[in-house]
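Trainee: Shown below is the structure under consideration.
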Amino acid sequence: MFKFSGARLFMNRSMVTWSIFVCFAAISLYEAGKLPFGRLGAPGAGFFPAALAALLGLVSLAGVTSALRGGADGRGSGTPLVWGKILLTVVALLGFAALFEFAGYLATTFLFVGFILRMVEGRGWLQAGAVAFCAALVSYVVFAWLLGAPLPVGFLHL
Amino acid sequence: MGFSVALQPTNLLFCFVGTLVGTFIGVLPGLGPIAAIALLLPLTFKMAPAAAIIMLAGIYYGAMYGGSTTSILVNIPGEAASVVTCLDGYQMARQGRAGPALGIAALGSFIAGTVGLMGLMFFAPLLGAFALGFGPPEYFAITFLGLTLVSYLSRSTMLKSMLMALLGLLLGTIGTDPISGQERFSYGSLTLSDGLGLVPVAMGLFGIAEVLDNLGKRVRGEVYAQAIKGLLPDRQDWKESFWPIVRGSLVGFFIGLLPGPSGAMSSFASYAMEKRLSRNPEKFGKGAIEGVAGPESANNSSTAGAFIPLLSLGLPSNIVMALFIGALLIHGVQPGPLFMKNYPELFWGVVASMYVGNLMLLVLNLPLIGIWVRLLRVPYAVLYPLILLFCCIGVYSINNNLVEILIMIIAGVGGLLLRRSGFDGAPFLLALVLGPLMESSLRQALLISRGSFAIFFTRPVSGVLMLLAVAFLATALVPLLKAERERLAAEVGRDE
């Protein structure tokens, strides 16, 4: 009944997305099964998650079927993603999380903003450094002094 | 009582800060009221509840107005509710009428905001009193209807919206079971034992994902603001805008009551209505002032409408309202039918502050247009690292917990992949918020009925709500099934 080549099957991104949800639903159902289900008159802690995982599985399977048959997908459109920039930005965010408490707010913020401007946006060292310095200082004044947010000082005690 | 609270110097200051920050955020493309409120939420911990809610409300309706400035001057909507303003607002700017377009947007927003507030004052106490008789079946039915409506009205397909809502409900079960106290899916993590935090997930889905999506895009257009003059509309402008403002105010208010992206829905509904009612529909899209006045009024009026389910039932109708629930709970205030009885100063204080805030917006926006225009000229490459930085600080300062920054990053990357695959984040986040209430209501109702689902259909209020939800599901799914059956029949016919 389904007429398409194997190559097209693997290239169907929509089907891959729905299949991931099928797997997620199966894992959730398995994990929910470890919790006490109770009975309808006295539902336990596993009742709601198990019911939801089962429903999620059904909806995901319907999505897989729809994708296999090339049904209306409603895919979000837009310009192509710039994966290099995205990857570097995510690395910068992870670096921020890793360094924040260790190096303190001022140093981490300076490095974070400077890294994005220099490595992601390709700005000159001077411009990246100047903007990063101002961003670190001004945001510190706003968050720590004016708004009283508790920010880590790190080993530099800054 | 309300004005005595709203006019206190501290509350006036926070109202001013909220409207200013809201307008600032609304002007910036790529950062909407959701990210702004999520960002500033942790910073309200030390404030009094009234000051905190007044400031957050100011951000919400300030952002609604701020979005129109970019729509009119740059043809880039600051947030979803301003998309439709681009159609005629930008054309007016190109014709040298940016001033009247900005002026009517500000004045229309002010009038509509005031109309919406009158509706809020009238309907919220009525609904709150009615909801006092609600039990678990009614609350389950309301949350079920709410999520069905959000999925139905979502910008992605019904199947995808349903999946996102189910995913949100499922991830909402992470943490301690509200009834038995048992740990679920936390795998020994202290952070997860408290459940998935709303703020990190919201910041990830709507702040980080938006920035990552915009990387490499050109998010600036040509600013038509060389000579903005004549901000006050003339007699002819008023004549053409009066009824669109009135109709937009009413439509916006009632759409605001519905779950879903009410700001965007109301502005689109108002635009469609004005075009249909106009004697010169061909003017629309070419700089018709009605196409700015109606939608701008509607989206501001919808903000007041959206507060009604929150304050009277304790239920959020959109993501911003879900964040408001978070803000109220942080301050130990439980929204719901007893809210107005237990916290009258807070309720009336916030309502009165909205009048004051609307007036501030008017005073603030018309003279400050020049500053907003200059802000639009700051390169996005410089702005977005700061947006990311603010997201990180905002999330960290909730519990001083680095794991929540990681959750935000994961939600951001996941949100980017999902939005690029056509999945809408709104049903997910609303389900995450409503999940605990939905689960406890369902389980309590089943306990009461000894396991019979009939309890949801035999009580009048929950019965009506459940039937409405089923009707919405049926109208969305039956045509799909019918089309599928016809397609299969055609395929079988071809095979034979």
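The values are calculated or read from the model by the stated rules, or taken from the named source; none is laboratory data. Treat the numbers as computed from the prediction; the structure is a model and nothing was measured. All Cβ positions, glycine included, derive from the backbone under ideal geometry; neighbour counts span all protein chains shown.
Trainee: Between a residue in the range B:323-341 that is in contact (Cβ under 8 Å) with a residue 40 or more places away in the chain and any residue that is surrounded by fewer than 20 Cβ atoms within 10 Å (Cβ to Cβ) and assigned to a helix (DSSP H, G or I), which pairs come within a Cβ distance under 7 Å, given they are 6 or more apart or on different chains?
Mentor: Cβ pairs passing all conditions: B:HIS331/B:PRO49; B:VAL333/B:PRO49; B:MET340/B:PRO125.
Trainee: Given the conditions (1) surrounded by fewer than 18 Cβ atoms within 10 Å (Cβ to Cβ); (2) outside any helix (DSSP H, G or I), which single one is not true for B:VAL492?
Mentor: Tallying (1) surrounded by fewer than 18 Cβ atoms within 10 Å (Cβ to Cβ); (2) outside any helix (DSSP H, G or I), B:VAL492 fails exactly one: (2).
Trainee: Go through the range B:299-326 and give me each residue that's in contact with a Pro (Cβ under 9 Å, 6 or more places away or on another chain) and among the aliphatic types (A, V, I, L, M).
Mentor: Hits for the range B:299-326 are B:ALA306, B:LEU310, B:LEU311, B:LEU313, B:LEU315, B:ILE319, B:VAL320, B:MET321, B:ALA322, B:LEU323, B:ILE325.
Trainee: Just checking, which of B:VAL470, B:VAL433 is surrounded by 14 or more Cβ atoms within 10 Å (Cβ to Cβ), modelled with pLDDT of 90 or more, more than 10 Å from chain A (Cβ to nearest Cβ) and part of a helix (DSSP H, G or I)?
Mentor: Numbers: B:VAL433 fails: modelled with pLDDT of 90 or more.
Of the residues listed, the single one that is surrounded by 14 or more Cβ atoms within 10 Å (Cβ to Cβ), modelled with pLDDT of 90 or more, more than 10 Å from chain A (Cβ to nearest Cβ) and part of a helix (DSSP H, G or I) is B:VAL470.
Trainee: When residues of the range A:16-47 are filtered for being over 26 Å from A:THR65 (Cα atoms) and outside any loop (DSSP other than H, G, I, E, B), how many remain?
Mentor: 5
Trainee: Need a quick list: helices (runs of 4 or more DSSP H) entirely within the range B:114-222 having at least 3 residues that are buried (at least 20 other Cβ atoms within 10 Å of the Cβ) and touching a residue at least 24 places away in the same chain (Cβ under 8 Å).
Mentor: Ranges flagged: B:136-153, B:158-171, B:198-202, B:209-214.
Trainee: Looking at (1) assigned to a helix (DSSP H, G or I); (2) under 21 Å from the mean Cα position of the chain (by Cα), which one does B:SER440 not meet, given that it meets all the others?
Mentor: Of (1) assigned to a helix (DSSP H, G or I); (2) under 21 Å from the mean Cα position of the chain (by Cα), only one is false for B:SER440: (2).
Trainee: While we're looking at this one, here's another question. What's the total number of residues in the range B:377-387 that are aromatic (Phe, Trp, Tyr) and within 7 Å of chain A (Cβ to nearest Cβ)? Talk me through it step by step, then tell me what you get.
Mentor: Just the residues of the range B:377-387 that are aromatic (Phe, Trp, Tyr), to begin with: B:380, B:384.
The next check asks that each one be within 7 Å of chain A (Cβ to nearest Cβ); those that pass are none.
Residues in the range B:377-387 being aromatic (Phe, Trp, Tyr) and within 7 Å of chain A (Cβ to nearest Cβ): 0 in total.
Trainee: How many residues does the range B:425-456 hold that are over 24 Å from B:PRO335 (Cα atoms) and touching a Pro at 6+ places or on another chain (Cβ under 9 Å)?
Mentor: Summing the residues that are over 24 Å from B:PRO335 (Cα atoms) and touching a Pro at 6+ places or on another chain (Cβ under 9 Å) in the range B:425-456 gives 6.
Trainee: Considering only residues that are part of a helix (DSSP H, G or I) and within 13 Å of B:GLU296 (Cα to Cα), which ones fall in the range B:71-99?
Mentor: Going through the range B:71-99, the residues part of a helix (DSSP H, G or I) turn out to be B:71-74, B:80-82, B:85-94, B:98-99.
Selection gives B:SER71, B:ILE72, B:ALA80, B:ALA81, B:SER82, B:THR85, B:CYS86, B:LEU87, B:ASP88, B:GLY89.
Trainee: Among the residues that make up the range B:290-311, is at least one of them more than 21 Å from the chain's Cα centre (by Cα) and buried (at least 24 other Cβ atoms within 10 Å of the Cβ)? Talk me through it step by step, then tell me what you get.
Mentor: Applying the first criterion (more than 21 Å from the chain's Cα centre (by Cα)) to the range B:290-311 yields B:290-291.
Restricting the remaining residues to those that are buried (at least 24 other Cβ atoms within 10 Å of the Cβ) gives B:290-291.
Looking for residues that are more than 21 Å from the chain's Cα centre (by Cα) and buried (at least 24 other Cβ atoms within 10 Å of the Cβ), one finds at least one in the range B:290-311, hence yes.
Trainee: Something else about it: Looking at B:MET203, B:MET118, B:MET158 in this structure, which one is within 11 Å of another protein chain (Cβ to nearest Cβ) and within 25 Å of the chain's Cα centre (by Cα)?
Mentor: B:MET158 is the lone residue from the list that is within 11 Å of another protein chain (Cβ to nearest Cβ) and within 25 Å of the chain's Cα centre (by Cα).
Trainee: Quick test for you: out of B:LEU40, B:LEU56, pick the one residue that is within 23 Å of B:TYR396 (Cα to Cα), surrounded by fewer than 24 Cβ atoms within 10 Å (Cβ to Cβ) and under 18 Å from the mean Cα position of the chain (by Cα). Don't jump to the end; show me each part of the working.
Mentor: On the way: B:LEU56 fails: surrounded by fewer than 24 Cβ atoms within 10 Å (Cβ to Cβ).
Going through B:LEU40, B:LEU56 in turn, the sole match is B:LEU40.
Trainee: Next question, about the same structure. Scan the range B:388-402 residue by residue and report those that are surrounded by fewer than 24 Cβ atoms within 10 Å (Cβ to Cβ) and more than 9 Å from chain A (Cβ to nearest Cβ).
Mentor: Correct list: B:ILE398, B:ASN399, B:ASN401.
Trainee: Can you find, within the range A:66-96, the residue that is modelled with the lowest pLDDT among those that are more than 9 Å from every other protein chain (Cβ to nearest Cβ) and over 30 Å from A:VAL120 (Cβ atoms)?
Mentor: Of everything passing the filter in the range A:66-96, A:GLY70 is modelled with the lowest pLDDT.
Trainee: With respect to A:GLY38, determine if the residue is more than 7 Å from chain B (Cβ to nearest Cβ) and within 16 Å of B:ARG443 (Cα to Cα).
Mentor: On the way: more than 7 Å from chain B (Cβ to nearest Cβ): yes; within 16 Å of B:ARG443 (Cα to Cα): yes.
In short, yes.
Trainee: Kindly indicate the residue of the range B:344-359 that is surrounded by fewer than 21 Cβ atoms within 10 Å (Cβ to Cβ) and under 24 Å from the mean Cα position of the chain (by Cα) and also farthest from B:PHE134 (Cα to Cα) among those meeting that condition.
Mentor: Of the range B:344-359, the ones surrounded by fewer than 21 Cβ atoms within 10 Å (Cβ to Cβ) are B:344-345, B:348, B:355-356, B:359.
Going one step further and asking which of them are under 24 Å from the mean Cα position of the chain (by Cα), we end up with B:348, B:355-356, B:359.
Details: B:TRP348: 24, B:TYR355: 31, B:VAL356: 34, B:LEU359: 37 Å.
Top of the filtered list is B:LEU359.
Trainee: Under 7 Å between Cβ atoms, at least 6 apart or on separate chains: pull out the pairs that start in the range B:435-454 with a residue that is polar (S, T, N, Q) and end on any residue that is surrounded by fewer than 23 Cβ atoms within 10 Å (Cβ to Cβ) and not in a helix (DSSP H, G or I).
Mentor: These pairs meet every condition: B:SER440/B:PRO178; B:SER440/B:ILE179.
Trainee: Could you grab me the full set of residues in the range A:97-110 that are facing chain B (nearest Cβ under 7 Å) and free of Cβ contacts under 8 Å to residues at least 40 places away in the same chain?
Mentor: A:ALA97, A:THR109
Trainee: Conditions: (1) assigned to a helix (DSSP H, G or I); (2) within 19 Å of B:LEU196 (Cβ to Cβ). B:PRO316 meets all but one. Number of the miss?
Mentor: (1)
Trainee: Hey, another quick one. Of all the residues that make up the range A:111-158, how many are surrounded by fewer than 17 Cβ atoms within 10 Å (Cβ to Cβ), touching a residue at least 24 places away in the same chain (Cβ under 8 Å) and small (Gly, Ala, Ser)?
Mentor: 1
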